[in-house]
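Enquirer: What follows is a single structure, and I will ask about it in a moment.
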Amino acid sequence: MADYRKWLVAFALVAILLGFAPTALAVTGTGGGGAPLTCSASSAPRDVRGEGVTELVGDVVITCTGGSPTGAGQPVSLSSVHVQLQVPITSRTLGTAADGNTVSGTTVTPNSAISLTSEATLMVDEPYPHAPFPQGVAAIPGSPQQQIGCIATGGQVGNNPYVTGATVGQCDILGDGTGTYTYAGGGNGIPVAQYNTFQGVVNANLTTGLATINFNGVPLDPPGTNNQRIIRITNIRGDMTGLLGPTNSASGVPVVETISITATGNFIVPTSVVTVAYVFQGLQSGAVKGSSGTQCVAGGSPFSITFAEGFVDSFKTAQITTMDASAAGPNQQLNSIRNDATAGSTGGFTTQNIPFVNYYTESGFTPTPSNSFPLNGQSSSAAANSIGVADTGTRFLITVNNLQNGVTVTFPAVVNGAAVGSPNLTLYSVPKANSDGTGGTPVGTGSGIALAGSWVAGGSATSQFVVYEVVADDPTQLESVVVSPAVAWTPNLVKGIPALGPGATASIATATVSFAPIAADRPGQPLPTNNGAANSTTIGSLPRFISTAAAPSAALTIYPCSCNLLYPWVVSGAGTGFDTGLVVVNTSISPTVWPAQAKPGTTETGTVTLWFTGTQAGAAIQDANYPAGTAADPPIVLPPGCALALVLSSGSSIECAASITPAGEGKISTAVTTGFVGYIIATTTFQYCHGVAYVSPLGNPFAGSYYVAIELDTPFWASGISGVSNFNRTGQFGESQGH
């Protein structure tokens, strides 16, 4: 079913691009009366994101025929339209409006009661705006040619321009006797268009915190036998997060809207329950693909993060721009691509003001009433905090945890989906965004956003973030995009840069991804106004989401550069009659004639630690390391091309070529070596080490023999075999070769 509806999305968009409009209003004839009023409710349900707190559902359209039109010159009876959603309504609120006057006899005083107004809008007979966008989408024949607005609080006023008197309804209009010109004007004593665009008010349940949208005091005139009356309810947003779950079906979870109309006259309509949305997962899981590197090798390969739509048009731009249509003029039509990347310079945001057009953005219907009684949030330019206008396009929040000290990760300013078959999907980074994904402005220039790591083993956890926003997309295609940040570091093994994990184990930086902005309010409550500070908080941000980030995934793993040598028989001291000398050599300098990929470790200066297991003067020694690496017992630092030479009876030294200066020479005292019998394991913080040992009788060094130290690491050539590193106890790969 989902796939079928996705094709309908494409077909609907093509219809709009070709200028097709809904069936014309039958506004010819005399109206007629006597036939019962019959109405039917329908909707074009939208696919919505289960992660979304403010998802825009499909419009409900109630089409009526029959009934007895209001007499010519008589006030149209007022009705109240009540809208409930299966999920909590979260349409934005846009300030307050007075409920009208209080009348006592002939005394009229302003009413102190006020109502909280909503972006939810009700229109009668598909009123066409005076400045439509795009211009080539035709009005429905017979529909009003102006959007005339009224805030439907149900109060009374003394300055209604259509019905005179001190106690008339705030939104009162006059009938024409036929139902033909009641809203459009132009005949039967109705010279101009009357109220046809109504702003709803919010009624919040103080117990549950949930909201109902009410349109109070709306003049609904029965159309008569020969006419149609079309009532459209739009800009209803809902919190879908309670319907998102692992058992969601492939056809989505349906969401229904209930509309009831109570009338003081003869516009009596049964309660309608209409499916207005289907809930799907909007962001596919499995987004992070990690990379790895070794501590001693500069650079690092990029990890990647994939943002993939869970359904067609899950990712949206903020609102329509003049760049989203063909050249201005009577034939202007919407393009198939949404692109607000240039909205801040050329183009610019514009209104989405044709009632029956789905613009496929985060914004909804943005009316442009032309009367002198503006709606709350009315804007001729669809500015921020206007009716229906979203604050941002779909955003994504990438959170990077425990990025290693010394590592820089640079996220590109612009990301395009061409490499994965989505050339029309573009994201811009959002510098100066807040950690919840609000704030900042998308920027498509510059070097991007760099995160500098500071995490070290034993220190506090760290968290950094990057925000991206959709600035271009194709609403007819299932799209995805891959973000691949550059990863870099300059090794300084003596200072532990980049940082390893506890005990010189591999360190792991993780990442999580989610839609953004993240909702900070209690989901399900009606939105308060932003008070002109559109991005200062998620309270009021459109859109906004709950965080659905899965458990953190490994983004960057840094393995220690290590080499491990076993000297299986080491003996020294008068009681043994033998002495041993051993050498550990840093062989990471490679011939210049080798290709670059064969010389990755030319700057691998690192430390050497010797681990003793055996006996000394009859006392057991197990896993004793020298030097200890403390201030009193500093580490032995071995540059490339140098060797640590240790004679157990006389001590250690570092031997280098004349052109190489030791980086820092620790010592191994004879106090810990003389009289030792057992084995020694040498561990280094560079990759390429080799060694030999020489055992000889005391006083006769030329009568001994040597052996090559055993390399304990798994050979590099085996690194492509899955799980092979588990076959050795060091957990490392190295330059192990046969001897």
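Nothing in this text is a laboratory measurement; each read-out follows from the coordinates by a stated rule. Computed from a predicted model, the values in this text were never measured in an experiment. Because the Cβ atoms are built from the backbone with ideal geometry, glycine has one as well, and the counts that use them run over all protein chains shown.
Enquirer: Compute the length gained on full extension between T275 and S301: take 0.36 nm times their separation in residues and subtract their Cα-Cα distance, giving the result in nm to one decimal.
Expert: Details: separation 26, 0.36 × 26 = 9.36 nm, distance 4.84 nm.
Between T275 and S301, full extension yields an extra 4.5 nm.
Enquirer: Sort S326, S562, S705, S480 by Cβ crowding within 10 Å, fewest neighbours at the top. Display every interim value, and only then the final one.
Expert: Numbers: S326 14, S562 24, S705 8, S480 18.
Fewest-to-most Cβ neighbours within 10 Å comes out as S705, S326, S480, S562.
Enquirer: Next question. Taking R0 as 60 Å, what's the FRET efficiency between S590 and A138 from their Cβ-Cβ distance, rounded to 0.05?
Expert: On the way: r = 74 Å, r/R0 = 1.23.
Calculated value: 0.20.
Enquirer: Out of residues 5 or more away from G501 or on other chains, whose amide H comes under 5 Å of its own, with H placed 1.01 Å from N in the peptide plane?
Expert: The answer is A506, S507.
Enquirer: How far apart, in nanometres, would the label points at A520 and T441 be if each is projected 7 angstrom from Cα along the Cα-to-Cβ direction?
Expert: With each label point 7 Å from Cα toward Cβ, the separation is 2.1 nm.
Enquirer: Sorted from fewest to most neighbouring beta carbons within 10 Å, what does the list F349, F465 look like?
Expert: Working: F349 24, F465 19.
Ascending Cβ contact count within 10 Å gives the list F465, F349.
Enquirer: Could you give the nm distance between label points at A551 and T576, where each point is 7 Å from its Cα heading toward the beta carbon?
Expert: 4.8
Enquirer: Further question: What ranking do M323, M240, M123 get, fewest neighbouring Cβ atoms within 10 angstrom at the top?
Expert: Details: M323 18, M240 31, M123 25.
Fewest-to-most ranking of M323, M240, M123: M323, M123, M240.
Enquirer: Work out the FRET efficiency for N492 and A384 from their Cβ-Cβ distance, taking R0 = 45 Å, and round it to the nearest 0.05.
Expert: On the way: r = 48 Å, r/R0 = 1.06.
About 0.40, to the nearest 0.05.
Enquirer: Here is a further query. Using 1/(1 + (r/R0)^6) with R0 = 30 angstrom and r between the beta carbons of Y694 and K667, what's the FRET efficiency to the nearest 0.05? Walk me through the numbers on the way to the answer.
Expert: Details: r = 20 Å, r/R0 = 0.67.
So, using R0 = 30 Å, E works out to roughly 0.90.
Enquirer: Please report, in Å, the Rg and the Dmax of the stretch 383-510, where both are computed over Cα atoms only.
Expert: My reading of the Cα-based Rg and Dmax gives 17.6, 60 Å.
Enquirer: To continue, here is another question. What's the percent breakdown of Cα-Cα distances in the stretch 126-235 across 5 Å bins, shortest bin first?
Expert: 2, 12, 18, 21, 19, 13, 8, 5, 2, 0
Enquirer: Using θ = phi - 60° and the Karplus form 6.51 cos²θ - 1.76 cosθ + 1.60, what ³J(HN,Hα) does each residue of the stretch 683-697 get, whole Hz, x for Gly and Pro?
Expert: So the Karplus estimates, Gly and Pro as x, are 10, 10, 10, 9, 7, 10, 10, 9, x, 9, 9, 9, 10, 9, x Hz.
Enquirer: Run the numbers for A461 and T264: contour at 0.36 nm per residue of separation, minus the present Cα-Cα distance, in nm. Mind dumping the intermediate values first?
Expert: Details: separation 197, 0.36 × 197 = 70.92 nm, distance 6.42 nm.
Value of the extension gain: 64.5 nm.
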